[in-house]
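The values are calculated or read from the model by the stated rules, or taken from the named source; none is laboratory data. Everything numeric here is computed off the predicted structure, so don't read it as measured data. No Cβ is skipped: glycine too gets one built from the backbone with ideal geometry, and neighbour counts run over all protein chains shown.
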Amino acid sequence: MMHKNFLLFTLAALAVTLCFADDDSEPWNYVIADKSKGPDSWSTHFEECGGSKNSPIDLPTSKDELYGEKAVGWDMHKWNKFNDWTVLNNHYTVKFSLENEGIMTTKGGALGANYEVLQFHLHWGANNRKGSEHLVDGKSYPMELHFVHKNEKFTTVQDAVSSGDSDAFAALGFFFELQEEDNPDLDDLVEAVKAVRNETNYQESGVKVNVSEFVSSASRSSYYRYFGGLTTPGCQEIVLWTVFTEPIGISADQMEIIRTQDDNSYGVDFFREVQLLGSRPLTLYDTNYSPEGYLNSAETFQIFNFLTFISLLITRFF
Ligand SMILES: [Zn+2]
(Lines give C-alpha, C1' and ligand atoms only; values in the text may rest on other atoms or scores of the structure.)
Protein backbone atom coordinates (compact mmCIF):
# COMPACT_ATOMS: atom_id res chain seq x y z
CA MET A 1 0.00 0.00 0.00
CA MET A 2 2.78 2.33 1.06
CA HIS A 3 4.65 1.57 -2.14
CA LYS A 4 1.59 2.16 -4.29
CA ASN A 5 1.01 5.60 -2.74
CA PHE A 6 4.63 6.51 -3.16
CA LEU A 7 4.51 5.47 -6.82
CA LEU A 8 1.35 7.54 -7.41
CA PHE A 9 2.97 10.54 -5.74
CA THR A 10 6.10 10.18 -7.86
CA LEU A 11 4.05 9.92 -11.06
CA ALA A 12 1.97 12.95 -10.09
CA ALA A 13 5.11 14.96 -9.33
CA LEU A 14 6.60 13.93 -12.65
CA ALA A 15 3.44 14.94 -14.50
CA VAL A 16 3.55 18.39 -12.89
CA THR A 17 7.23 18.79 -13.76
CA LEU A 18 6.63 17.75 -17.36
CA CYS A 19 3.67 20.07 -17.62
CA PHE A 20 5.83 23.02 -16.59
CA ALA A 21 8.67 21.88 -18.83
CA ASP A 22 6.41 21.49 -21.86
CA ASP A 23 4.21 24.56 -21.65
CA ASP A 24 6.09 27.06 -19.57
CA SER A 25 8.55 28.60 -21.98
CA GLU A 26 9.05 31.77 -19.93
CA PRO A 27 11.95 31.71 -17.45
CA TRP A 28 9.78 33.57 -14.89
CA ASN A 29 6.31 33.44 -13.38
CA TYR A 30 4.10 35.13 -10.76
CA VAL A 31 4.04 32.21 -8.31
CA ILE A 32 5.39 33.60 -5.01
CA ALA A 33 6.18 30.09 -3.69
CA ASP A 34 8.28 29.25 -6.76
CA LYS A 35 11.77 30.17 -5.60
CA SER A 36 13.43 29.51 -8.98
CA LYS A 37 11.04 31.46 -11.26
CA GLY A 38 8.76 33.43 -8.93
CA PRO A 39 8.94 37.21 -8.30
CA ASP A 40 11.60 36.87 -5.58
CA SER A 41 13.97 35.38 -8.14
CA TRP A 42 13.33 37.87 -10.96
CA SER A 43 16.19 40.19 -10.03
CA THR A 44 18.59 37.21 -9.90
CA HIS A 45 17.91 36.33 -13.53
CA PHE A 46 17.02 39.83 -14.77
CA GLU A 47 19.28 42.42 -13.19
CA GLU A 48 17.03 45.39 -13.99
CA CYS A 49 14.17 43.88 -11.95
CA GLY A 50 16.23 44.98 -8.94
CA GLY A 51 16.48 48.59 -10.20
CA SER A 52 15.40 51.72 -8.33
CA LYS A 53 12.92 52.93 -10.99
CA ASN A 54 10.74 49.83 -11.39
CA SER A 55 6.97 49.55 -11.77
CA PRO A 56 4.24 49.29 -10.57
CA ILE A 57 4.04 51.63 -7.57
CA ASP A 58 1.55 52.63 -4.90
CA LEU A 59 -0.03 55.95 -5.94
CA PRO A 60 -0.71 58.34 -3.05
CA THR A 61 -3.69 60.69 -3.03
CA SER A 62 -2.20 63.09 -0.45
CA LYS A 63 -1.29 66.30 -2.23
CA ASP A 64 1.82 66.53 -0.01
CA GLU A 65 3.35 63.57 -1.84
CA LEU A 66 2.53 64.77 -5.35
CA TYR A 67 3.44 67.42 -7.83
CA GLY A 68 0.37 69.04 -9.32
CA GLU A 69 -0.10 70.10 -12.92
CA LYS A 70 -3.02 71.24 -14.98
CA ALA A 71 -4.22 68.31 -17.13
CA VAL A 72 -3.35 68.50 -20.82
CA GLY A 73 -5.86 67.11 -23.33
CA TRP A 74 -5.30 63.89 -25.27
CA ASP A 75 -5.16 63.30 -29.01
CA MET A 76 -5.92 59.61 -29.53
CA HIS A 77 -5.82 58.99 -33.26
CA LYS A 78 -7.86 56.04 -34.64
CA TRP A 79 -8.75 54.82 -31.15
CA ASN A 80 -12.42 55.17 -32.05
CA LYS A 81 -12.33 52.49 -34.75
CA PHE A 82 -12.82 48.73 -35.05
CA ASN A 83 -9.15 47.85 -35.53
CA ASP A 84 -7.94 44.27 -36.08
CA TRP A 85 -6.16 42.65 -33.14
CA THR A 86 -4.39 39.34 -32.65
CA VAL A 87 -5.49 38.03 -29.27
CA LEU A 88 -3.14 35.71 -27.40
CA ASN A 89 -3.73 33.87 -24.14
CA ASN A 90 -0.20 33.17 -22.88
CA HIS A 91 -1.51 32.10 -19.43
CA TYR A 92 0.03 35.16 -17.72
CA THR A 93 -2.18 37.67 -19.47
CA VAL A 94 -4.43 38.04 -22.48
CA LYS A 95 -2.65 40.28 -24.96
CA PHE A 96 -4.28 42.16 -27.85
CA SER A 97 -1.61 43.06 -30.44
CA LEU A 98 -2.52 45.62 -33.09
CA GLU A 99 -2.22 43.97 -36.51
CA ASN A 100 -1.71 47.20 -38.42
CA GLU A 101 1.13 48.72 -36.40
CA GLY A 102 1.36 52.48 -36.37
CA ILE A 103 -2.31 53.03 -37.18
CA MET A 104 -3.29 54.00 -33.62
CA THR A 105 -1.33 56.84 -32.10
CA THR A 106 -1.40 58.76 -28.85
CA LYS A 107 -0.34 62.38 -28.52
CA GLY A 108 -0.88 65.13 -25.97
CA GLY A 109 -1.49 64.33 -22.32
CA ALA A 110 1.86 66.07 -21.57
CA LEU A 111 3.69 62.98 -22.86
CA GLY A 112 6.34 65.11 -24.55
CA ALA A 113 6.51 62.84 -27.64
CA ASN A 114 4.20 61.01 -30.03
CA TYR A 115 3.61 57.32 -29.43
CA GLU A 116 2.29 54.38 -31.49
CA VAL A 117 0.05 51.76 -29.88
CA LEU A 118 1.58 48.25 -30.03
CA GLN A 119 -0.70 46.20 -27.81
CA PHE A 120 -2.85 46.16 -24.71
CA HIS A 121 -3.14 43.45 -22.06
CA LEU A 122 -4.77 42.73 -18.72
CA HIS A 123 -3.64 42.06 -15.14
CA TRP A 124 -5.98 40.38 -12.64
CA GLY A 125 -5.92 38.29 -9.47
CA ALA A 126 -7.51 35.21 -7.89
CA ASN A 127 -10.45 37.25 -6.59
CA ASN A 128 -11.92 40.75 -6.84
CA ARG A 129 -9.97 42.08 -3.84
CA LYS A 130 -6.75 42.12 -5.86
CA GLY A 131 -5.52 42.19 -9.43
CA SER A 132 -4.37 45.69 -10.35
CA GLU A 133 -0.63 46.33 -10.52
CA HIS A 134 -0.72 49.95 -9.39
CA LEU A 135 -2.42 50.65 -6.08
CA VAL A 136 -4.03 53.86 -4.86
CA ASP A 137 -3.19 54.51 -1.20
CA GLY A 138 -2.58 50.79 -0.85
CA LYS A 139 -5.95 49.87 -2.41
CA SER A 140 -6.16 47.28 -5.21
CA TYR A 141 -8.66 47.22 -8.04
CA PRO A 142 -9.76 43.84 -9.49
CA MET A 143 -8.13 44.50 -12.87
CA GLU A 144 -5.79 46.89 -14.67
CA LEU A 145 -5.42 47.28 -18.44
CA HIS A 146 -2.19 48.54 -20.01
CA PHE A 147 -1.85 50.11 -23.44
CA VAL A 148 1.79 49.73 -24.50
CA HIS A 149 3.17 52.31 -26.94
CA LYS A 150 6.48 52.82 -28.72
CA ASN A 151 7.95 56.31 -29.06
CA GLU A 152 7.49 57.06 -32.77
CA LYS A 153 11.08 58.29 -33.09
CA PHE A 154 12.15 54.61 -33.09
CA THR A 155 11.54 52.48 -36.19
CA THR A 156 11.43 49.13 -34.42
CA VAL A 157 10.60 47.86 -30.94
CA GLN A 158 14.15 46.50 -30.73
CA ASP A 159 15.59 49.98 -31.46
CA ALA A 160 13.41 51.41 -28.71
CA VAL A 161 14.45 48.75 -26.17
CA SER A 162 18.15 49.00 -26.93
CA SER A 163 18.08 52.84 -26.71
CA GLY A 164 17.60 52.56 -22.95
CA ASP A 165 15.74 55.91 -23.11
CA SER A 166 13.47 56.50 -20.13
CA ASP A 167 10.64 57.50 -22.51
CA ALA A 168 11.24 54.86 -25.22
CA PHE A 169 7.83 53.38 -24.39
CA ALA A 170 4.66 54.85 -22.91
CA ALA A 171 2.12 52.83 -20.98
CA LEU A 172 -1.42 54.00 -20.25
CA GLY A 173 -3.01 52.20 -17.32
CA PHE A 174 -6.75 51.96 -16.64
CA PHE A 175 -8.23 50.51 -13.45
CA PHE A 176 -11.44 48.45 -13.43
CA GLU A 177 -13.95 48.74 -10.61
CA LEU A 178 -16.83 46.37 -9.83
CA GLN A 179 -20.36 47.45 -10.67
CA GLU A 180 -23.67 45.61 -10.36
CA GLU A 181 -24.58 45.36 -14.03
CA ASP A 182 -22.52 44.00 -16.92
CA ASN A 183 -20.77 46.82 -18.77
CA PRO A 184 -21.98 46.42 -22.40
CA ASP A 185 -18.99 48.48 -23.60
CA LEU A 186 -16.81 45.48 -22.62
CA ASP A 187 -18.77 42.89 -24.66
CA ASP A 188 -16.25 42.65 -27.54
CA LEU A 189 -13.32 42.46 -25.13
CA VAL A 190 -14.92 39.76 -22.99
CA GLU A 191 -15.96 37.73 -26.06
CA ALA A 192 -12.40 37.92 -27.41
CA VAL A 193 -11.00 36.64 -24.09
CA LYS A 194 -13.57 33.80 -24.10
CA ALA A 195 -12.44 32.75 -27.60
CA VAL A 196 -8.84 32.14 -26.45
CA ARG A 197 -9.83 30.40 -23.21
CA ASN A 198 -10.12 27.03 -24.93
CA GLU A 199 -7.45 24.42 -24.33
CA THR A 200 -7.13 23.86 -28.08
CA ASN A 201 -7.11 27.53 -29.02
CA TYR A 202 -4.95 30.17 -27.38
CA GLN A 203 -4.81 32.64 -30.25
CA GLU A 204 -7.25 34.42 -32.57
CA SER A 205 -6.44 36.81 -35.41
CA GLY A 206 -8.50 39.55 -37.00
CA VAL A 207 -10.47 40.22 -33.84
CA LYS A 208 -12.32 43.52 -34.20
CA VAL A 209 -12.37 45.63 -31.05
CA ASN A 210 -13.08 49.35 -30.76
CA VAL A 211 -11.18 50.25 -27.60
CA SER A 212 -12.74 53.70 -27.31
CA GLU A 213 -16.02 51.96 -26.40
CA PHE A 214 -14.69 51.16 -22.94
CA VAL A 215 -11.82 53.63 -22.62
CA SER A 216 -14.03 56.67 -23.19
CA SER A 217 -16.23 55.71 -20.24
CA ALA A 218 -13.30 56.70 -17.98
CA SER A 219 -12.54 60.40 -17.80
CA ARG A 220 -9.05 61.23 -19.00
CA SER A 221 -8.96 64.53 -17.12
CA SER A 222 -7.05 63.19 -14.12
CA TYR A 223 -3.95 61.03 -14.37
CA TYR A 224 -0.73 60.12 -12.59
CA ARG A 225 2.60 60.37 -14.41
CA TYR A 226 6.02 58.95 -13.53
CA PHE A 227 9.06 57.32 -15.11
CA GLY A 228 9.22 53.57 -14.51
CA GLY A 229 9.74 50.22 -16.15
CA LEU A 230 8.17 47.14 -17.69
CA THR A 231 6.27 45.26 -14.96
CA THR A 232 7.44 41.89 -16.33
CA PRO A 233 11.03 40.66 -16.79
CA GLY A 234 13.40 42.11 -17.95
CA CYS A 235 11.88 45.13 -16.08
CA GLN A 236 13.80 47.61 -18.27
CA GLU A 237 13.38 51.17 -16.96
CA ILE A 238 12.27 52.61 -20.31
CA VAL A 239 8.58 53.36 -19.74
CA LEU A 240 6.82 56.69 -19.25
CA TRP A 241 3.80 55.72 -17.16
CA THR A 242 0.32 57.25 -17.11
CA VAL A 243 -2.31 55.84 -14.76
CA PHE A 244 -5.82 57.29 -15.01
CA THR A 245 -7.58 57.84 -11.70
CA GLU A 246 -11.12 57.12 -12.90
CA PRO A 247 -11.83 53.39 -13.26
CA ILE A 248 -13.86 51.57 -15.91
CA GLY A 249 -16.88 49.63 -14.61
CA ILE A 250 -17.03 45.83 -14.85
CA SER A 251 -19.43 43.29 -13.34
CA ALA A 252 -18.39 40.30 -11.18
CA ASP A 253 -19.66 37.98 -13.93
CA GLN A 254 -17.48 39.68 -16.56
CA MET A 255 -14.47 39.53 -14.20
CA GLU A 256 -15.12 35.81 -13.69
CA ILE A 257 -15.00 35.14 -17.46
CA ILE A 258 -11.69 36.99 -17.75
CA ARG A 259 -10.25 35.30 -14.67
CA THR A 260 -11.19 31.68 -15.46
CA GLN A 261 -8.42 29.76 -17.16
CA ASP A 262 -8.44 26.15 -18.32
CA ASP A 263 -5.00 25.68 -16.80
CA ASN A 264 -4.14 27.13 -13.38
CA SER A 265 -0.64 25.67 -13.22
CA TYR A 266 0.67 29.14 -14.12
CA GLY A 267 -0.75 30.63 -10.96
CA VAL A 268 -3.83 32.71 -10.18
CA ASP A 269 -2.42 36.20 -9.51
CA PHE A 270 -1.11 37.93 -12.60
CA PHE A 271 0.24 41.18 -11.27
CA ARG A 272 3.54 42.33 -9.83
CA GLU A 273 3.87 43.64 -6.28
CA VAL A 274 4.40 47.41 -5.94
CA GLN A 275 7.96 48.75 -6.06
CA LEU A 276 9.44 51.72 -4.21
CA LEU A 277 8.93 55.16 -5.78
CA GLY A 278 12.23 56.32 -4.23
CA SER A 279 13.38 59.76 -5.33
CA ARG A 280 11.29 59.79 -8.52
CA PRO A 281 8.89 62.70 -8.93
CA LEU A 282 5.24 61.69 -9.20
CA THR A 283 2.82 64.13 -10.83
CA LEU A 284 -0.96 64.21 -10.77
CA TYR A 285 -2.35 65.99 -13.81
CA ASP A 286 -5.85 67.23 -13.14
CA THR A 287 -8.22 69.67 -14.84
CA ASN A 288 -9.07 71.03 -11.36
CA TYR A 289 -5.47 71.91 -10.58
CA SER A 290 -4.51 75.55 -10.09
CA PRO A 291 -1.12 76.89 -8.93
CA GLU A 292 -2.69 77.53 -5.50
CA GLY A 293 -3.51 73.83 -5.25
CA TYR A 294 -6.33 71.51 -6.19
CA LEU A 295 -9.86 72.71 -5.92
CA ASN A 296 -12.53 70.09 -6.10
CA SER A 297 -16.16 71.05 -5.99
CA ALA A 298 -16.50 70.09 -2.29
CA GLU A 299 -13.61 72.37 -1.33
CA THR A 300 -15.01 75.18 -3.48
CA PHE A 301 -18.31 74.74 -1.63
CA GLN A 302 -16.54 74.89 1.76
CA ILE A 303 -14.75 78.12 0.79
CA PHE A 304 -18.06 79.57 -0.39
CA ASN A 305 -19.66 78.64 2.95
CA PHE A 306 -16.79 80.19 4.88
CA LEU A 307 -17.09 83.44 2.92
CA THR A 308 -20.86 83.50 3.49
CA PHE A 309 -20.25 82.98 7.22
CA ILE A 310 -17.74 85.89 7.34
CA SER A 311 -20.08 88.20 5.45
CA LEU A 312 -22.90 87.30 7.87
CA LEU A 313 -20.63 88.15 10.80
CA ILE A 314 -19.73 91.46 9.18
CA THR A 315 -23.40 92.37 8.60
CA ARG A 316 -24.28 91.43 12.16
CA PHE A 317 -21.55 93.36 13.97
CA PHE A 318 -21.02 96.40 11.79
ZN1 LIG B 1 1.05 45.30 -17.94
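Closer than 29 Å to Pro233 by Cβ, surrounded by 13 or more Cβ atoms within 10 Å (Cβ to Cβ) and at pLDDT below 95, is that true of Val16?
no
Cβ-Cβ below 7 Å, separation at least six or inter-chain, first residue in region 170-182 and of a type in the set (Asp, Glu), second crowded, with 22+ Cβ neighbours inside 10 Å: which pairs?
The qualifying pairs are Glu177/Tyr141; Asp182/Gln254.
Might you let me know whether region 204-221 holds any residue that is within 22 Å of Asn90 (Cβ to Cβ), charged (D, E, K, R) and out of contact with any Pro (no Cβ under 8 Å at 6 or more places or on another chain)?
yes
How many of the residues making up region 190-229 are within 19 Å of Val243 (Cβ to Cβ) and of a type outside the set (D, E, K, R)?
Taking region 190-229 first, the residues within 19 Å of Val243 (Cβ to Cβ) are 211-212, 214-229.
Then keep just the ones that are of a type outside the set (D, E, K, R); that gives 211-212, 214-219, 221-224, 226-229.
Summing the residues that are within 19 Å of Val243 (Cβ to Cβ) and of a type outside the set (D, E, K, R) in region 190-229 gives 16.
Here are the criteria: (1) more than 16 Å from the ligand (Cβ to nearest atom); (2) surrounded by 14 or more Cβ atoms within 10 Å (Cβ to Cβ). Tell me which single one Asn201 does not satisfy.
(2)
Just give me the residues in region 250-278 being basic (Lys, Arg) and either without any contact (Cβ under 8 Å) to a residue 40 or more places away in the chain or outside any loop (DSSP other than H, G, I, E, B) (or both), in sequence order.
Arg259
Does region 22-33 contain any residue that is modelled with pLDDT of 85 or more and either outside any loop (DSSP other than H, G, I, E, B) or out of contact with any helix residue (DSSP H, G or I) (no Cβ under 9 Å at 6 or more places or on another chain) (or both)?
Looking only at region 22-33, we keep the residues that are modelled with pLDDT of 85 or more, and these are 27-33.
Those left that are additionally either outside any loop (DSSP other than H, G, I, E, B) or out of contact with any helix residue (DSSP H, G or I) (no Cβ under 9 Å at 6 or more places or on another chain) (or both): 33.
Within region 22-33 (the criterion being modelled with pLDDT of 85 or more and either outside any loop (DSSP other than H, G, I, E, B) or out of contact with any helix residue (DSSP H, G or I) (no Cβ under 9 Å at 6 or more places or on another chain) (or both)), the answer is yes, since at least one residue qualifies.
So is Glu237 at pLDDT 95 or above, among the charged types (D, E, K, R) and within 16 Å of the ligand (Cβ to nearest atom) or not?
Numbers: at pLDDT 95 or above: yes; among the charged types (D, E, K, R): yes; within 16 Å of the ligand (Cβ to nearest atom): yes.
When the stated conditions are applied, Glu237 passes them.
With respect to Gly229, is the statement that it is surrounded by fewer than 16 Cβ atoms within 10 Å (Cβ to Cβ), among the small types (Gly, Ala, Ser) and in contact (Cβ under 8 Å) with a residue 60 or more places away in the chain true?
Against the criterion (surrounded by fewer than 16 Cβ atoms within 10 Å (Cβ to Cβ), among the small types (Gly, Ala, Ser) and in contact (Cβ under 8 Å) with a residue 60 or more places away in the chain), Gly229 does not qualify.
Against the condition among the small types (Gly, Ala, Ser) and out of contact with any Ser or Thr (no Cβ under 7 Å at 6 or more places or on another chain), how does Ala71 come out, does it pass?
In short, no.
Based on what the data block shows, is Asp188 in contact with a strand residue (DSSP E or B) (Cβ under 6 Å, 6 or more places away or on another chain), free of Cβ contacts under 8 Å to residues at least 40 places away in the same chain and more than 15 Å from the ligand (Cβ to nearest atom)?
It is true that Asp188 is in contact with a strand residue (DSSP E or B) (Cβ under 6 Å, 6 or more places away or on another chain), free of Cβ contacts under 8 Å to residues at least 40 places away in the same chain and more than 15 Å from the ligand (Cβ to nearest atom).
Can you pull out every residue in region 73-94 that is in a loop (DSSP other than H, G, I, E, B), more than 16 Å from the ligand (Cβ to nearest atom) and either small (Gly, Ala, Ser) or buried (at least 17 other Cβ atoms within 10 Å of the Cβ) (or both)?
Matches in region 73-94: Gly73, Trp79.
Condition check: touching a Leu at 6+ places or on another chain (Cβ under 6 Å) and within 16 Å of the ligand (Cβ to nearest atom). Does Val211 satisfy that?
no
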